[in-house]
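S.K.: If you scroll down you'll find the structure; I have some questions about it.
The values are calculated or read from the model by the stated rules, or taken from the named source; none is laboratory data. Bear in mind the structure is a predicted one, so any value in this text is a computation, not a measurement. Here the Cβ positions follow ideal geometry from the backbone for every residue, glycine too, while neighbour counts run over all protein chains shown.
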Amino acid sequence: MLIQGGLYVVATPIGNLDDMTKRAIEVLTHVDVIAAEDTRHSQKLLSHYSISTPLLSLHEHNEQQRSEQLIAKMQQGQSIALISDAGTPLISDPGYQLVNLCTRNNIRVTPIPGPSALITALSAAGLPTDRFIFEGFLPVKSAARDKSLSKLLGESATVVFYESPRRILTTVEAIISELGEDRRLVLAKELTKAFETFFSGTAAQCRDWLAEDDNHQRGEFVLMVGGAPQQLEDLPPDALALLALLKNELALKKAAAIVAQHYGLKKNALYKHALEHL
């Protein structure tokens, strides 16, 4: 049963319409109004599932005014669903102002989980996911973009960006300039669609792959950047001393794993150090 006077934040497919959840269909069918980023785009999805709920636009240019209108509707007891063009609303999509207004007005917000390009890409990229940073879209202007990238030079976590087809090659070239041509990247495009593609390699290899065929630059991209390699000088002396003791009692990989967990370090960096220096 729907909550009267509440907001539902509903995730929708990022490509494959079969990824629509049963719960999402039920909510979109029974709410009073659906607020959509692009009503023409969303109408195709609703028609596919024979959903006839009225649509209202909510995008970056009208979000403040539309949010106030929707708050008034919910205060009158109507239930509203928020969707974006694809994936989970608010994740590099409109909706923050509406959700923020709801919380300030004590209106219940209910998430209806489902597809997200960010999580979908990470789950199959083969990069570490114990820690990751989502940066959304990089700035359009080159100086601001390069400044944002330069701040990530020593970042050890996986960093994730969204990027458009017309900018993807330029962005990879900027990564080479700011982070180095050997930094590991994974490009994911057309996720859940017929031409879903993952390409993994160094930044230089990714640049060459994009440049060799214009088709490689088509589609919306999730660009994932591997963390900066841990330098040996970053390893604390106490950790190295413990590693030296443990390696005499345990298999080296096991010893490295124990020290890494205890000190919050990278196991591979410790293992490499032991092979080369202990």
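S.K.: So which residues in the range 18-68 are touching a Phe, Trp or Tyr at 6+ places or on another chain (Cβ under 6 Å) and under 18 Å from Cys102 (Cβ atoms), if there are any at all? Full working, then the answer.
M.R.: Of the residues in the range 18-68, the ones touching a Phe, Trp or Tyr at 6+ places or on another chain (Cβ under 6 Å) are 25, 27.
Hit for the range 18-68 is Val27, nothing else.
S.K.: Taking only pairs six or more apart or across chains, which ones have beta-carbon atoms under 7 Å, a first residue in the range 180-193 that is under 30 Å from Thr12 (Cβ atoms) and at pLDDT 95 or above, and a second residue that is of a type in the set (Asp, Glu) and part of a loop (DSSP other than H, G, I, E, B)?
M.R.: Listed by first residue and then by second, the contacts come to Lys189/Glu220; Glu190/Glu196.
S.K.: Then there's this: Given (1) modelled with pLDDT of 95 or more; (2) of a type outside the set (Val, Ile, Thr); (3) surrounded by fewer than 16 Cβ atoms within 10 Å (Cβ to Cβ), where does Lys151 come up short, assuming only one miss?
M.R.: So the condition that Lys151 fails would be (1).
S.K.: Okay, next question. Can you say whether Ala274 is among the hydrophobic types (A, V, I, L, M, F, W, C), outside any helix (DSSP H, G or I) and over 30 Å from Gly15 (Cβ atoms), as far as the supplied structure shows? Lay out the reasoning, then the answer.
M.R.: Details: among the hydrophobic types (A, V, I, L, M, F, W, C): yes; outside any helix (DSSP H, G or I): no; over 30 Å from Gly15 (Cβ atoms): yes.
For Ala274, the condition - among the hydrophobic types (A, V, I, L, M, F, W, C), outside any helix (DSSP H, G or I) and over 30 Å from Gly15 (Cβ atoms) - is not met.
S.K.: Let me ask something additional. Give the range 156-201 a look and list any residue that's of a type in the set (A, V, I, L, M), part of a loop (DSSP other than H, G, I, E, B) and out of contact with any helix residue (DSSP H, G or I) (no Cβ under 8 Å at 6 or more places or on another chain), or say none.
M.R.: Our first condition is that a residue be of a type in the set (A, V, I, L, M); within the range 156-201, this holds for 157, 159-160, 168-169, 172, 174-176, 179, 185-188, 191, 194.
Those left that are additionally part of a loop (DSSP other than H, G, I, E, B): 157, 191, 194.
Answer for the range 156-201, where residues must be of a type in the set (A, V, I, L, M), part of a loop (DSSP other than H, G, I, E, B) and out of contact with any helix residue (DSSP H, G or I) (no Cβ under 8 Å at 6 or more places or on another chain): Ala157, Ala194.
S.K.: Considering only residues that are buried (at least 18 other Cβ atoms within 10 Å of the Cβ) and over 20 Å from Asp214 (Cβ atoms), which ones fall in the range 179-190? Can you show your working first?
M.R.: Our first condition is that a residue be buried (at least 18 other Cβ atoms within 10 Å of the Cβ); within the range 179-190, this holds for 179, 183-189.
Matches in the range 179-190: Leu179, Arg183, Arg184, Val186.
S.K.: Of the residues Ile80, Ile91, only one is surrounded by 16 or more Cβ atoms within 10 Å (Cβ to Cβ) and either farther than 22 Å from Tyr162 by Cα or of a type in the set (S, T, N, Q) (or both); which?
M.R.: Working: Ile91 fails: either farther than 22 Å from Tyr162 by Cα or of a type in the set (S, T, N, Q) (or both).
Every option except Ile80 fails the conditions.
S.K.: Find the residue count for the range 88-120, including only residues that are closer than 21 Å to Asp38 by Cβ and in a loop (DSSP other than H, G, I, E, B).
M.R.: Within the range 88-120, residues that are closer than 21 Å to Asp38 by Cβ and in a loop (DSSP other than H, G, I, E, B) number 11.
S.K.: Look at the range 102-159 and say how many of its residues are acidic (Asp, Glu) and in contact with a Phe, Trp or Tyr (Cβ under 7 Å, 6 or more places away or on another chain). Outline the logic, then answer.
M.R.: Within the range 102-159, the first condition is being acidic (Asp, Glu), and the residues that meet it are 130, 135, 146, 155.
Then keep just the ones that are in contact with a Phe, Trp or Tyr (Cβ under 7 Å, 6 or more places away or on another chain); that gives 135.
Going through the range 102-159 one residue at a time, the tally reaches 1.
S.K.: While we're on this one: I want to confirm something. Restricting to the range 121-155 and keeping residues that are among the acidic types (Asp, Glu) and part of a loop (DSSP other than H, G, I, E, B), which single residue is farthest from Thr29 (Cα to Cα)?
M.R.: Restricting attention to the range 121-155, the residues satisfying the condition of being among the acidic types (Asp, Glu) are 130, 135, 146, 155.
After this cut, where a residue has to be part of a loop (DSSP other than H, G, I, E, B) as well, the list is 130, 155.
Numbers: Asp130: 37, Glu155: 44 Å.
By that ranking, first place goes to Glu155.
S.K.: Kindly provide the set of residues from the range 30-54 that are closer than 21 Å to Ala72 by Cα and surrounded by fewer than 20 Cβ atoms within 10 Å (Cβ to Cβ), ordered by number.
M.R.: Those that are closer than 21 Å to Ala72 by Cα and surrounded by fewer than 20 Cβ atoms within 10 Å (Cβ to Cβ): His30, Asp32, Val33, Thr39, Thr53, Pro54.
S.K.: Another one. What number of residues in the range 218-256 are buried (at least 17 other Cβ atoms within 10 Å of the Cβ) and in a helix (DSSP H, G or I)?
M.R.: Adding up the residues that qualify gives 7.
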